[in-house]
Amino acid sequence: MYFPNKYEDHNSSLERFTDKFNEISKANNMNLVIELNEDENFIDDAIIKDELTNKQINFDWEKRVKYYENCGFPFKTFGQFERKIKKNISLSVQCCKSELCFCIAWHDDFKNETVKKIGSITESGSKEFTGKRFTEDFLEIKYDEMILFIKILRNAFDNSYFDKRSFEVSR
């Protein structure tokens with residue numbers, strides 16, 4: 001993590017997100033559960049497990065500290081570091097600073113994009129110029145519409161749509 005002093009807030013926000021997800025999934029009999037990684041593995045933050053099939057996807061969580069304060073993602077594209085795309089991660093989830101909305105993007109969609117070297121500021125103020133990919137194939141969801149995210153994941157598991165096709169569900 002390039003902002004070590006944000007680690008505690010990162011983990012707390014993921015716990016709140018997980019609690020809400022699991023509560024809504026259970027209440028709607030969606031048979032999906034998020035399980036947090038108890039120990040830092042420097043690969044993913046948690047898994048989403050389909051309790052019907054025991055299939056699972058790994059995901060990366062980020063609570064944005066800049067540029068995404070509230071709902072209304074401020075960019076046309078959603079970015080992710082190449083180092084994360086190369087890992088065994090299927091989905092990136094980033095919440096806004098206020099924890100009212102979050103964006104999701106599948107790593108299979110990122111893989112269709114070219115790698116760009118764009119500087120990203122680290123906590124020390126230096127810039128990291130490792131590769132990133134950017135996709136227009138992402139979706140912003142409000143926390144109070146968590147059921148939409150769960151339906152997307154149910155669609156992904158049921159149809160093996162671990163890409164933008166999973167977004168095609170009824171609200």
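Computed from the coordinates by the stated procedures, all read-outs in this text should not be read as laboratory data. Being a predicted model, the structure only gives us computed values, none of them experimental. As a convention, Cβ positions derive from the backbone with ideal geometry for all residues, glycine included, and neighbour counts pool all protein chains shown.
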In nm², the average projected area of the convex hull spanned by the Cα atoms of the stretch 40-108 is 5.6
Exposure proxy ranking, count of Cβ atoms within 10 Å, fewest first, for Trp106, Trp61
Trp61, Trp106
If I model a spin label as a point 7 Å beyond the Cα along the Cα-Cβ vector, how far apart are those points for Glu99 and Glu35 in nm?
2.4
Whole-Hz ³J(HN,Hα) from phi, Karplus 6.51 cos²θ - 1.76 cosθ + 1.60, for the stretch 154-163, glycine and proline x
4, 4, 4, 5, 5, 10, 6, 9, 9, 7
Exposure proxy check on Arg64, Arg83, Arg171: fewest-to-most Cβ neighbours within 10 Å is Arg171, Arg83, Arg64
Singleton cysteines, the chain, no second Cys beta-carbon under 4.7 Å -> Cys95, Cys96, Cys103
Mean separation of Cα contacts under 8 Å, 6 or more apart, over the residue count of the stretch 4-159: relative contact order %
20
Using every pair of alpha-carbon atoms in the stretch 4-159, split the distances into 10 Å bins beginning at 0 and state the percent of pairs per bin, rounded to integers.
10, 40, 39, 10, 1
Run the simple label-point estimate for Asn28 and Ser170 please: 7 Å along Cα→C-beta, distance reported in nm.
1.3
Which aspartates and glutamates have a Cα less than 15 Å from the Cα of Lys49, not counting those fewer than 8 places away in the same chain?
Asp19, Glu23, Glu35, Asp60, Asp158
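Of Tyr68, Tyr161, Tyr143, how do they rank once you tally other Cβ atoms within 10 Å and put the fewest first?
Tyr161, Tyr143, Tyr68
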